[in-house]
1. Can you tell me the relative contact order of the range 13-70? Whole percent, Cα pairs under 8 Å, sequence separation 6 or more.
2. Taking every pair of Cα atoms in the chain, average 1/r, invert it to obtain the Kirkwood radius, and report Rg/Rh to two decimals.
3. HN-Hα J couplings of the range 281-295 from phi, Karplus 6.51/-1.76/1.60, θ = phi - 60°, integer Hz, Gly and Pro as x?
4. Tell me the per residue accessible area of the range 158-288 using a 1.4 Å probe; a whole number in Å² is fine.
5. Going 7 Å from the Cα of Asp254 along its beta-carbon direction, which residues of the range 1-30 have the amide nitrogen within less than 12 Å of the resulting point?
6. For a Förster distance of 41 Å, can you work out the FRET efficiency between the beta-carbons of Glu294 and Glu149, rounded to the nearest 0.05?
7. Using a 1.4 angstrom probe and counting only protein chains, how large is the accessible area of Leu334 in Å², to 10?
8. Return the FRET efficiency for the residue pair Asp111, Phe232: r is the Cβ-Cβ distance, R0 is 56 Å, and the value is rounded to the nearest 0.05.
Amino acid sequence: MKKIILKFEKKTENFKALVQEALNMNFLDFLVSRDSFLEFKNIERIITYSRDLSIDTQNLIVYDASEKSLGIEKRVKIGLYYEMKSKRDEEFIVEESKKGNFSFIIVEAPDWKIIPFENLIAEMHKNDTELIASVENVNEAELMLKTLEVGTDGILITPKHVDDIVELKKLLITEFGVELIEAEVIALQNVPESERVCVDTTSLLKSGEGMLIGSTAKGFVLVHAEVFDTQFVSSRPFRVNAGDVSAYILVPSDDTDNNYRTKYLSELKGGDQVLVVNSNGGAKKVTVGRVKIETRPMLRLELEIDKQGRKIRFNYIGQNAETIRLVNSAGIPLSIVDIKVGDKVLSHPGPEATHFGVKIKENIIER
């Protein structure tokens, strides 16, 4: 788990609201001052940090590497705060991390950020010393936590609004589970001409991965990414040939209580985020690079889910071509042209009723 250290050195007007939201989101690492320390002294689960060496916190932060022995004297963890302005600074930080004198090193980079931190991550990610990036806002936090995929071990940030803390929590939810169950194909219908949507992402998708698409909010089939080479066409591992323009796709939700919402394929555009789901139900966010809409012959599948004795019927319309694949319960991709009545494919039982993509409790008929 990445470490999020929240800077609570100043007691601002919304101080108590910020602290309460941090506790709600299970953020427990706080940088405190003499002024704010008493607010946390009796909360046992809090992990405190201080730049004031006279405060009795679990972690002390120094600005001089020569003070490395202070942690032993005070029987606390000691960290180094260092401003990185040059290549020599970068090399110094790496050397200090290798010595193991500090439990963590907080690095502030006022000028160049990405390349120096890439270098630090590459050099330090196998060391015991944690690399913490001092950042100004949530966007910088996301950049630091995801640089070189590995990211820094954590960040130090001053939350200005309650929403900052909510957004930080979202950064830590990189993958989550989506329920997948079998759906039986009960009818097939040719649709001679429709506008179909290809979703081209900025990521390379893997075998077993795809997107959940459905004509209604009752259910969604797992449409596999075009990761396979054939004798007639090369693979497009960034692409999912998703379905017709009226179909729903699952996309990330801004609501922390719900992992996803729905969106029409026709609404998607470059820069949007969608969910990629694997055959085990693991879901992650990816970014759309572009959307291609073209007229193609399609195939309409009517499917039925048996969920604890309750029959749920839904539909999916996909391009009638060999390269469009759904996925069976064994995780094996099946070309849509080979699917027959009675075949079973992986699906997700949906929320059934949505309003502008958000789940609601309402009697809505979709068929």
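The values are calculated or read from the model by the stated rules, or taken from the named source; none is laboratory data. Since the structure is predicted, the reported quantities are computational estimates derived from the model, not experimental observations. FYI the Cβ positions are ideal-geometry reconstructions off the backbone, even for glycines, and counts take in every protein chain you see. Keep in mind that these areas ignore ligands, DNA and RNA; they rest on the heavy atoms of the full protein, side chains included. Shrake-Rupley method; radii C 1.70, N 1.55, O 1.52, S 1.80 Å.
1. 24 percent
2. 1.09
3. x, x, 10, 8, 8, 9, 9, 7, x, 7, 10, 10, 10, 9, 7
4. 44 Å²
5. Label zone hits: none.
6. With a Förster radius of 41 Å, E is 0.80.
7. 50 Å²
8. Calculated value: 0.65.
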